[in-house]
2 protein chains.
Amino acid sequence: MIDFLAPSGDKAILESDGPLTPKFDAHGLLTAVVTDHGDGELLMVAYMNAEALSLTLETGLAHYYSRSRKSLWKKGESSGNMQRVKEIRVDCDQDAIWLKVDVTGHDATCHTGRRSCFYRTAQLVDGQATVTVTDHHKHFDPAEVYGGQDTK
Amino acid sequence: MIDFLAPSGDKAILESDGPLTPKFDAHGLLTAVVTDHGDGELLMVAYMNAEALSLTLETGLAHYYSRSRKSLWKKGESSGNMQRVKEIRVDCDQDAIWLKVDVTGHDATCHTGRRSCFYRTAQLVDGQATVTVTDHHKHFDPAEVYGGQDTK
């Protein structure tokens, strides 16, 4: 596993070229934003611990940490929808990672079968905060792909 | 302020049309991913509490919660780079929000003056996790815009 250095207290160092020094939160996690390398669509948001980030860098396949299952999560291991990482970006304070990926399998990332987890819009309707499904297309049948497995 | 309903324990309800029921974390926060409405570029990742989400929905201007300053943060109040929200999406389990925005002012989101906070790539170089600046263009001079203010 990669032994990441601790973040510098000097913002000038933290924000420039140099070693990747991820700023893990109190739970040891970074936020990861995942977009499609082809058209830039936002596919999902997930979290990485040092092991998941290390494996992602070393294997080129996206790994996360599942907060609900409390375990390492190789994306696509159940569904076949793995993510080949084409580029990794990091933000100014190094507490968030952006993965640009190609999705294998059904080209779907959401456990509901949709391409993106962000398949709904949110807006105020008559003063009520409301969500509306805008992407109805399911690329796979979750019941068939996951069976009785816990998907989150 | 909008009085958000508690998330349903029934995944079928949580994942379909209906009320927005944000799943705030133990600190009362949601993750917010912000992209440019025009070309889809990822601009920043931030966090929202109920007040910030409420104000964003009600005013159409992005508001966040600053974890370092422990206070509500109307984006662009110091720099002039406000974010007009064109569309809001929510993910399957309603713990992440995606804002598609038009940025006013210098068309820059990062406190370093760059368009996006994700101005560096991360990769292994000779086995070392390394970051490299790929966007050197600063749209404004941070010293001039912020003066002595805390920018994070």
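The table below gives the values:
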read-out	value
Amide H contacts under 5 Å for A:LYS86, placed H, 5+ residues apart	A:LYS100, A:VAL101, A:ASP102
Residues whose placed amide H lies under 5 Å from that of B:LEU43, excluding near-sequence neighbours	B:VAL34, B:THR35, B:ASP36
Length-normalised contact order for the range A:17-152 - Cα pairs under 8 Å, 6+ apart - percent	21
Between the range A:1-51 and the range A:104-121, the Cα center-to-center distance that results, in Å	23
Spin-label pair A:GLU58/A:ASP25, simplified geometry with 7 Å Cα→Cβ offset, distance in nm	2.6
Rounded tilt (10° steps) of B:50-59 against the dominant C-alpha axis of chain B	80
Order by protection proxy (mean Cβ within 10 Å, highest first), peptides A:103-110, B:10-17, B:109-116	B:109-116, A:103-110, B:10-17
Accessible area of the range A:1-138 divided out per residue, in Å², using a probe of 1.4 angstrom	42
The range A:11-112: mean projected area of Cα convex hull, nm²	6.8
Violating pairs (Cα-Cα greater than 22 angstrom) within the set A:LYS86/B:LYS86; A:LYS75/A:LYS138; A:LYS75/A:LYS100	A:LYS86/B:LYS86
Area hidden from solvent between A and B (accessible, protein heavy atoms only, 1.4 Å, total, Å²)	4300
Surface share of carbon and sulfur [accessible, 1.4 angstrom probe, percent] for chain A	49
Inter-probe distance in nm under a simple model that places probes 7 Å from Cα toward Cβ, at B:ASP3 and B:MET82	2.9
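The values are calculated or read from the model by the stated rules, or taken from the named source; none is laboratory data. As the structure is a prediction and not an experimental result, all values here were calculated from the model. Every residue, glycine among them, receives a Cβ derived from its backbone with ideal geometry; neighbour counts consider all protein chains shown. Side chains included, ligands, DNA and RNA excluded: accessible areas come from the protein's heavy atoms. Shrake-Rupley method; radii C 1.70, N 1.55, O 1.52, S 1.80 Å.
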